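Data first, discussion second: the structure below is written as structure tokens.
The values are calculated or read from the model by the stated rules, or taken from the named source; none is laboratory data. What you see is a predicted model, and the numbers here were worked out from it, not measured in a lab. With ideal geometry, Cβ positions are generated from the backbone for all residues, glycine too; neighbour counts draw on all protein chains shown. Just the protein is used for accessible areas: all its heavy atoms, side chains included, with ligands, DNA and RNA removed. Shrake-Rupley method; radii C 1.70, N 1.55, O 1.52, S 1.80 Å.
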Amino acid sequence: MINPLPIATHSGVQLCLLPQLANRHGCITGATGTGKTVTLQVLAQALSDIGVPVFMADVKGDLSGLGKAGSNSPKTSARLAQLGLPEPAWAAAPVAFWDVYGEQGHPVRATVSDMGPLMLARMLNLNDTQQGVLQLVFKIADDHGLLLLDTKDLRAMLQHVGENAAQFKTEYGNISAASVGAIQRGLIAIDEQGGDRFFGEPMLNIEDWMQTDAQGRGVINILAADKLMNAPRLYSTFLLWMLSELFEHLPEVGDLDQPKMAFFFDEAHLLFDEAPKPLLQKIEQVVRLIRSKGVGIYFVTQNPLDIPDTVLGQLGNRVQHALRAYTPRDQKAVQAAAETFRPNPMVNTAQAITELGVGEALVSFLDEKGRPNMVERGYVLTPASQIGPLSDPERRALIASSLVAGVYEQAIDRESAYERLKGRAVQQPQSAPAPVPQEAPAPVDDNAWGASAGRTAPAPASTSRPGGGTRMPPPRPQPSPAPSQGQSGGLGDLLKDAAGGIFGSGSGSRRSDSPLQAMVKSAARSIGSQVGRELIRGVLGTLMKKR
């Protein structure tokens, strides 16, 4: 059995987290500036010291100090004297820095296929109809063996499906062009927020976050999220994707003496803001079941009411910093937060929440039988690592000496949907048969107008054009019955006579026409067919109205 982890102190008594119950999840809540970051730092380093790998998002840039040993200062000495505690054994924790943008840490990437349509729809803020179209696009890509790795693959697939919607309609259903356009616009916005760097390969191997150093301490993986917070949907979707990756890849292990990994989600309210019901259900399911896979999840937010009740009920280890009650709504929030703790006759929880100082908190961890302890008011311990961020050279040195240095830095762009679709569009015109040269142009169909209105003819074969269109071969010569004596000619006769009068005699000689004559005759056939089609549409429309 591993010794309890001291987190806070109360009247000389240490308030400890039991390692065997650290996978029962928890939350750290409190207003801005009340000490949540230091509490997060103390918890993370305590878990790392017993060999538990940790992931945390660094929203303000303060958590990078975990990579450097702390030191005494007048302020620290005064606090230690106030609490009656000895000076801690200053020590740095093993850290690895990560960054979606690849600027302040190793790049973090995921493929579009691995993200899936549900999370991608949340990131793009799609409605139900647009999400359905996105799911169809994923299905079509899977059925045709087209890999969706990055955003250009998805854009090429959307273009392909949109241009060939009629071909996919029977098997997959209607595909709205407006929905395809909305998804394309959303992808452009995501690319501007850094999505083009997040989606791609090499994709993050979640096992690289479950490393220990030579001394057996768990590596603390710190995600630089100060810039990522400007794209809250990308941030929240990224965190949910990581949670899903853990859930899908880790085996069931039951109850262990300590967690296999601990996750700290800062600004946790972003995970649940405007989340659709299916997504909330998935988060609740993962939180419920991932405990048996040895993973502890800790949500860090300003108010416990930011977390849905179905998730909040799964969080047994709690640290509550001060909340301010300046408005009636704030007072209700304080009362609700107080009611989530197991009552202590010696502590007025609702009153204490508004009176807590910086670094002071209400603490309730689970006991040996998994029951919440009565809430206690205490002071969070001083961390052994540096409080505050590292300098840029110090961060760069730690990145260069990381266990995964050089693994993710170089992006890979292998053949996927974009290359296959664009390559197919280029190859199709080259493989199309060349048109057979004609010694003489096809004779003009004098009854083109009548044929298009009443008779049908076999449709000419077509070949594909780059971009999904079609290129029609030259029209076949069609014999035209000679008009009976005294019968007036059709529209083709009128244009033929006019062309003959301009470019040559109207005699029956079989000499080749000039290019301009051929152009006029072709226009005559097109006009005759167009007039016929419009007449049929008009007649059918009138008949339908009468019915």
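Of Glu252, Glu274, all but one fail to be of a type in the set (Asp, Glu) and either closer than 24 Å to Val52 by Cα or touching a helix residue (DSSP H, G or I) at 6+ places or on another chain (Cβ under 7 Å) (or both); the exception is Glu252. The set of residues from the range 257-271 being in contact with a helix residue (DSSP H, G or I) (Cβ under 6 Å, 6 or more places away or on another chain) and open to solvent by 10 Å² or more (accessible area, probe 1.4 Å) comprises Asp257, Gln258, His269, Leu270.
Can you say whether Gly370 is open to solvent by less than 50 Å² (accessible area, probe 1.4 Å), in a strand (DSSP E or B) and closer than 20 Å to Leu5 by Cβ, as far as the supplied structure shows?
Taking the combined requirement at face value, the residue does not satisfy it.
What pairs can you find where one residue is in the range 417-429 and over 12 Å from Leu148 (Cβ atoms), the other is at pLDDT below 65 and open to solvent by 80 Å² or more (accessible area, probe 1.4 Å), and their Cβ atoms are less than 9 Å apart, with a gap of 6+ or different chains? Close Cβ pairs (under 9 Å, with a partner that is at pLDDT below 65 and open to solvent by 80 Å² or more (accessible area, probe 1.4 Å)) amount to Ala425/Arg465; Gln428/Arg465; Pro429/Arg465; Pro429/Arg471. Against the condition within 18 Å of Val295 (Cα to Cα) and of a type in the set (Gly, Ala, Ser), how does Ala8 come out, does it pass? No, not satisfied. Could you please find all residues in the range 277-292 being closer than 12 Å to Ser244 by Cα and either in contact with a helix residue (DSSP H, G or I) (Cβ under 8 Å, 6 or more places away or on another chain) or modelled with pLDDT under 80 (or both)? Within the range 277-292, Leu279, Lys282, Ile283, Glu284, Val286, Val287, Leu289, Ile290 meet the criteria. Note on the range 136-192: residues that are farther than 21 Å from Glu415 by Cα and in a helix (DSSP H, G or I) amount to 25.
Do we have any residue at all in the range 83-90 that's in a helix (DSSP H, G or I) and over 20 Å from Ser48 (Cβ atoms)? Yes, because at least one residue in the range 83-90 is in a helix (DSSP H, G or I) and over 20 Å from Ser48 (Cβ atoms). All of Val42, Val54 fail the test of being touching a residue at least 24 places away in the same chain (Cβ under 8 Å), closer than 19 Å to Ile399 by Cα and of a type in the set (Val, Ile, Thr), apart from Val54.
Selection of the range 313-347 for residues being in contact with an Asp or Glu (Cβ under 9 Å, 6 or more places away or on another chain) and either surrounded by 13 or more Cβ atoms within 10 Å (Cβ to Cβ) or of a type in the set (Asp, Glu) (or both) yields Gln314, His321, Ala322, Leu323, Arg324, Asn344, Val347. Within the span defined as the range 225-233, one or more residues are touching a Phe, Trp or Tyr at 6+ places or on another chain (Cβ under 8 Å), hydrophobic (A, V, I, L, M, F, W, C) and surrounded by fewer than 19 Cβ atoms within 10 Å (Cβ to Cβ). Considering the range 195-206, and only residues there that are in contact with a helix residue (DSSP H, G or I) (Cβ under 8 Å, 6 or more places away or on another chain) and surrounded by fewer than 19 Cβ atoms within 10 Å (Cβ to Cβ), the residue that is nearest to Tyr408 (Cα to Cα) turns out to be Met203. Among the residues of the range 322-339, not a single one is touching a Phe, Trp or Tyr at 6+ places or on another chain (Cβ under 8 Å) and either under 27 Å from Ala46 (Cα atoms) or at pLDDT below 90 (or both). Scanning the range 41-81 for residues that are of a type in the set (Asp, Glu), closer than 27 Å to Leu240 by Cβ and either open to solvent by 40 Å² or more (accessible area, probe 1.4 Å) or in a helix (DSSP H, G or I) (or both) yields one hit, Asp62.
Per the listing Ser416, Ser385, Ser401, Ser364, the residue uniquely open to solvent by less than 50 Å² (accessible area, probe 1.4 Å), under 30 Å from Gly200 (Cα atoms), modelled with pLDDT of 90 or more and of a type outside the set (Asp, Glu) is Ser416.
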